[in-house]
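The values are calculated or read from the model by the stated rules, or taken from the named source; none is laboratory data. On a predicted model such as this, the values are computed, not experimentally measured, just so you know. Here the Cβ positions follow ideal geometry from the backbone for every residue, glycine too, while neighbour counts run over all protein chains shown.
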Amino acid sequence: MTTFAGRALHYVFKVPDRKTTMDFYRKVLGMKVLRHEEFKEGCEAQCNGAYDGRWSKTMVGYGPEDNHFVVELTYNYGVKSYDRGNDFLGITIQSAEALQRAKAEAWPILEGNVLEAPGGYKFHVVNQPQPTNRDPVLKVTLASSSLTKSLNYWNGILGLTIFDKTDKTAVVGFKENEAKLELKEITEPVDRRQAYGRIAFSIPHSEQENLAKLIEERKQTVLTPLITLPTPGKADVRVIILADPDGHEICFVDDEPFRELSQPDYESERVLDMQIKKDRS
């Protein structure tokens, strides 16, 4: 089995309402805006989905992307709703403080200490003090129509380690001390619809071509072949976008330039707030 020096990075959501969404992530979950960018046209790798118009990207999390799993919020101007499927099942965080903030903000706490972000995205909250020596984000849970097929892909081809397994679930990842991916078998086909997301990992630049070759040899799906995405004034990054047997999108970016690109830009939060006010979004 081929192994890659991977690192978990983020999960991408499409959001229809930036103001309420940002209130949730900042005031309830207690995450910080790490960086915000505005774009005039769609991304070549469809980072914002199958949309060609103006859009924005906001990275939020509990700490810098170098050592935290974060959330990428993409907003397509003019799109006010997305049809959500059954593909995304939740993100688990450890933060009793988030539950306390939810009560203070009168944000509904659903059964099982679940907080629901605008758009219907669920956050499962472990009611224990938020850790300070590690990332509070524990795992992302995605639906699987066949756990066997999913593991053959994620473990057998991509080389992620299986950290835990039951009859219907498996927890996989590249490293012990970072957020994991949980695959949970459901009793119906996985339906991604319009609101489908994307999970992102990094691997060294030198390993990307080996990954592309392996995927080709195994006759697996490539959504976007290796492509370099320019970022004016910042590092260009090279990505390859794959899809697992259920169509879950997976981005592998080259780690070295991404570490440069993803350095926090806390001042950009002011641009976000200005655009929300201007766009009433």
Open item on the list: touching a residue at least 12 places away in the same chain (Cβ under 8 Å) and surrounded by fewer than 15 Cβ atoms within 10 Å (Cβ to Cβ): is that true of GLU260 in this structure?
Closed with: yes
Open item on the list: Which count do you get for residues in the stretch 184-238 that are among the small types (Gly, Ala, Ser), in contact with a Lys or Arg (Cβ under 9 Å, 6 or more places away or on another chain) and crowded, with 19+ Cβ neighbours inside 10 Å?
Closed with: 3
Open item on the list: Out of everything in the stretch 252-269 that is assigned to a helix (DSSP H, G or I) and under 17 Å from the mean Cα position of the chain (by Cα), what residue ends up being farthest from ASN67 (Cα to Cα)?
Closed with: LEU261
Task: Leading residue by the ranking (nearest to TYR77 (Cα to Cα)) among those in the stretch 37-57 that are at pLDDT 95 or above and crowded, with 22+ Cβ neighbours inside 10 Å - done: TRP55
TODO: For the stretch 259-269, indicate whether the set of residues that are within 17 Å of THR74 (Cα to Cα) and of a type in the set (Phe, Trp, Tyr) is non-empty.
DONE: no
Task: Scan of the stretch 176-207 for residues that are out of contact with any Gly (no Cβ under 8 Å at 6 or more places or on another chain), of a type in the set (D, E, K, R) and over 17 Å from THR141 (Cβ atoms), ordered by number - done: GLU176, GLU207
Open item on the list: For the stretch 43-65: of the residues being in contact with a Lys or Arg (Cβ under 6 Å, 6 or more places away or on another chain) and outside any strand (DSSP E or B), which is farthest from PHE252 (Cα to Cα)?
Closed with: ARG54
Open item on the list: Against the conditions (1) assigned to a loop (DSSP other than H, G, I, E, B); (2) at pLDDT 95 or above, where does LEU272 fall short? Just the number, please.
Closed with: (1)
- [ ] Search the stretch 1-58 for residues being out of contact with any strand residue (DSSP E or B) (no Cβ under 9 Å at 6 or more places or on another chain) and aliphatic (A, V, I, L, M), and hand back the single one that is nearest to ILE203 (Cα to Cα).
- [x] MET1
